[in-house]
Amino acid sequence: MSDSQTEATRVPHESYGKLFLRFLHFGLLAWGGPVAQIAMIRHDLVEKEKWVTREHFNRALAVYQVLPGPEAHELCVYFGMLARGRLGGVLAGLGFMLPGLVLMLGLSWLYLRYGLGSPRLLAVFGAVQAAVTALIVRAVVRIAQHTLADRWSWSVAGLAALAQGAGVHFAFTLVAAGLILLLARKGLRLPALGLAGACAVAVALFLALHGFAPMGAGGAEIGQGVAGERPSLLALLVSGLRGGLLTFGGAYTAIPFIQRDAVVTGAWMTNAQFLDGLALSGLIPAPLIIFSTFVGYLGGGWAGALVMTAGIFLPAFSFSLLGHDFFERVLHHPRFRHFLDGVTAGVVGLIAATTVGLLRAGLTRPATVAIFAIALGVLFRWNAKFLVPLVIAGAAVVGLLFQMA
């Protein structure tokens with residue numbers, strides 16, 4: 001019997017209802033970010049119930065770490081498909097995301113229904129925004145440590161950050177980043193240098209004309225939620241799809257794309273509201289990308305929230321259900337991996353530049369600067385399962401105490 005057949009016999013043939021409830025249970029316990037979520041899935045399905053071998057699990061995880069989308073959710077879809085085919089994958093994915101979706105819909109309704117009129121509530125959310133900016137800074141550093149392996153990738157990330165600040169469309173930036181690193185890794189240094197030089201000249205021209213203004217950094221004309229028109233459901237769906245397809249290296253990398261649509265070009269919410277959505281997503285058991293539900297709700301109510309959530313998660317479902325075996329083969333091809341490494345380095349630069357704008361929106365007073373510094377120190381010092389919700393809750397308490405003092 002082949003190794004794949006041996007592994008397949010270990011996967012239980014559960015009923016659809018039991019399979020859904022199993023992954024709903026995972027969703028209810030999905031605290032602590034992707035590392036904790038993946039560890040939970042590995043413990044239950046690999047170490048405890050032995051659905052697949054450790055080697056099989058590691059191969060599957062390697063695929064989803066390279067592809068865009070929340071890895072933990074994609075793993076749930078993959079294991080559901082192993083158990084009961086594509087319908088099982090759909091049910092497993094829905095079960096894992098449902099608790100976070102329901103909670104975020106409720107929090108979004110409360111946020112708009114009752115607003116932030118109370119001074120104490122304003123102080124709490126101001127402190128939480130500072131903690132969220134610390135979370136984003138930590139994410140940028142960790143993603144950079146894992147993805148920027150040499151001078152070429154660091155240079156590509158820096159060029160992408162400048163391009164983001166100069167207002168260059170991210171599509172051009174990411175394609176150029178992928179090509180530069182592909183050429184460099186294949187030993188074609190002169191073409192890589194030529195392309196990088198041409199891009200640097202173009203970015204310099206953009207900077208000379210427009211100056212450096214990271215997306216959403218401020219200004220009445222940018223990112224202040226003054227458009228006056230709600231986006232269409234189609235626009236929200238496209239925004240979600242774009243974010244889902246460009247989420248390399250974790251949900252934080254979707255921030256520049258969704259923030260650009262919601263705050264900069266669409267202007268249906270402010271940077272402060274965007275940070276509030278990120279804060280709320282850190283308080284509930286769900287992949288962080290569930291903040292897109294909040295963004296969609298502010299853009300189009302209940303329908304907007306569901307449409308944008310569907311867009312953001314559709315690629316994660318599709319990669320597992322339609323192409324896991326294909327991607328597992330293709331991703332071993334050196335040229336594809338090198339190009340994708342360049343795209344990932346470019347995304348790191350984009351999110352770094354966007355973080356500058358979010359820092360300016362979230363750190364507006366000495367108290368918020370202090371909370372940011374403390375939260376950042378705690379996040380780099382410890383790595384506990386419940387660290388993210390604890391930091392956000394702690395910031396809320398500190399903000400309330402500052403207001404009451």
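Look at (1) under 14 Å from residue 136 (Cβ atoms); (2) at pLDDT below 85 and you find that residue 379 fails only one, number (2). Within region 169-197, the set of residues being within 25 Å of residue 259 (Cβ to Cβ) and either charged (D, E, K, R) or not in a helix (DSSP H, G or I) (or both) comprises just one member, 169.
One line per residue, one yes/no per condition, for (1) without any contact (Cβ under 8 Å) to a residue 24 or more places away in the chain; (2) exposed (fewer than 15 other Cβ atoms within 10 Å of the Cβ); (3) outside the structural domain of residue 317 (by TED's automatic domain parsing); (4) of a type in the set (Gly, Ala, Ser):
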residue: 14; (1), (2), (3), (4): no, no, yes, no
residue: 21; (1), (2), (3), (4): no, yes, yes, no
residue: 44; (1), (2), (3), (4): yes, no, yes, no
residue: 48; (1), (2), (3), (4): yes, yes, yes, no
residue: 55; (1), (2), (3), (4): yes, yes, yes, no
residue: 69; (1), (2), (3), (4): no, no, yes, yes
residue: 76; (1), (2), (3), (4): no, no, yes, no
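Here is a yes/no grid of residues against (1) more than 23 Å from residue 68 (Cα to Cα); (2) over 23 Å from the mean Cα position of the chain (by Cα); (3) not assigned by TED's automatic domain parsing to the domain that holds residue 131:
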{"position": "333", "(1), (2), (3)": "no, yes, no"}
{"position": "336", "(1), (2), (3)": "no, no, no"}
{"position": "355", "(1), (2), (3)": "no, no, no"}
{"position": "360", "(1), (2), (3)": "yes, no, no"}
{"position": "368", "(1), (2), (3)": "yes, yes, no"}
{"position": "390", "(1), (2), (3)": "yes, no, no"}
{"position": "395", "(1), (2), (3)": "yes, no, no"}
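Before we move on, is residue 323 at positive phi and surrounded by fewer than 22 Cβ atoms within 10 Å (Cβ to Cβ)? When the stated conditions are applied, residue 323 does not pass them. Residue 61 is checked against (1) under 21 Å from residue 90 (Cβ atoms); (2) at pLDDT below 85; (3) not in a helix (DSSP H, G or I) and fails just one. What number does that condition carry? If we test residue 61 against (1) under 21 Å from residue 90 (Cβ atoms); (2) at pLDDT below 85; (3) not in a helix (DSSP H, G or I), just (3) comes out false.
Residues that are under 20 Å from residue 105 (Cβ atoms) and among the β-branched types (Val, Ile, Thr): does region 246-255 have at least one? Taking every residue of region 246-255 in turn, none turns out to be under 20 Å from residue 105 (Cβ atoms) and among the β-branched types (Val, Ile, Thr). For the structure I just gave you, tell me whether residue 294 is of a type in the set (A, V, I, L, M, F, W, C) and farther than 24 Å from residue 66 by Cβ. So residue 294 fits the description; yes. The residues listed here are 319, 326; of these, the one that is in contact with a Leu (Cβ under 6 Å, 6 or more places away or on another chain) and assigned to a helix (DSSP H, G or I) is 319. Consider region 223-251 and keep the residues that are more than 27 Å from residue 344 (Cβ to Cβ) and of a type outside the set (Gly, Ala, Ser). The one that is modelled with the lowest pLDDT is 224.
None of 135, 112, 121, 61 is among the aliphatic types (A, V, I, L, M), in contact (Cβ under 8 Å) with a residue 12 or more places away in the chain, surrounded by fewer than 19 Cβ atoms within 10 Å (Cβ to Cβ) and assigned by TED's automatic domain parsing to the domain that holds residue 245 except 112. For the residues 85, 89, the requirement of being assigned to a helix (DSSP H, G or I), closer than 26 Å to residue 320 by Cβ, outside the structural domain of residue 346 (by TED's automatic domain parsing) and without any contact (Cβ under 8 Å) to a residue 12 or more places away in the chain singles out 85. Residues that are surrounded by fewer than 22 Cβ atoms within 10 Å (Cβ to Cβ) and aromatic (Phe, Trp, Tyr) within region 25-42 comprise just one, 31.
Take the conditions (1) at pLDDT 85 or above; (2) closer than 18 Å to residue 279 by Cβ; (3) among the hydrophobic types (A, V, I, L, M, F, W, C); residue 162 misses just one of them, which is (2). Among the residues here, residue 126 does not qualify as at pLDDT below 85, surrounded by 24 or more Cβ atoms within 10 Å (Cβ to Cβ) and either under 30 Å from residue 192 (Cα atoms) or in contact with an Asp or Glu (Cβ under 6 Å, 6 or more places away or on another chain) (or both). Taking the listed residues 256, 285, the one that is surrounded by fewer than 24 Cβ atoms within 10 Å (Cβ to Cβ) and in contact with a helix residue (DSSP H, G or I) (Cβ under 6 Å, 6 or more places away or on another chain) is 285, with no other qualifying.
Considering only residues in region 350-371 that are small (Gly, Ala, Ser) and in contact with a Leu (Cβ under 7 Å, 6 or more places away or on another chain), the one that is nearest to residue 164 (Cα to Cα) turns out to be 361.
The values are calculated or read from the model by the stated rules, or taken from the named source; none is laboratory data. Everything numeric in this text was worked out from a predicted model, so none of it was measured. So basically every Cβ, Gly included, is an ideal-geometry build from the backbone, and we count neighbours across all protein chains shown.
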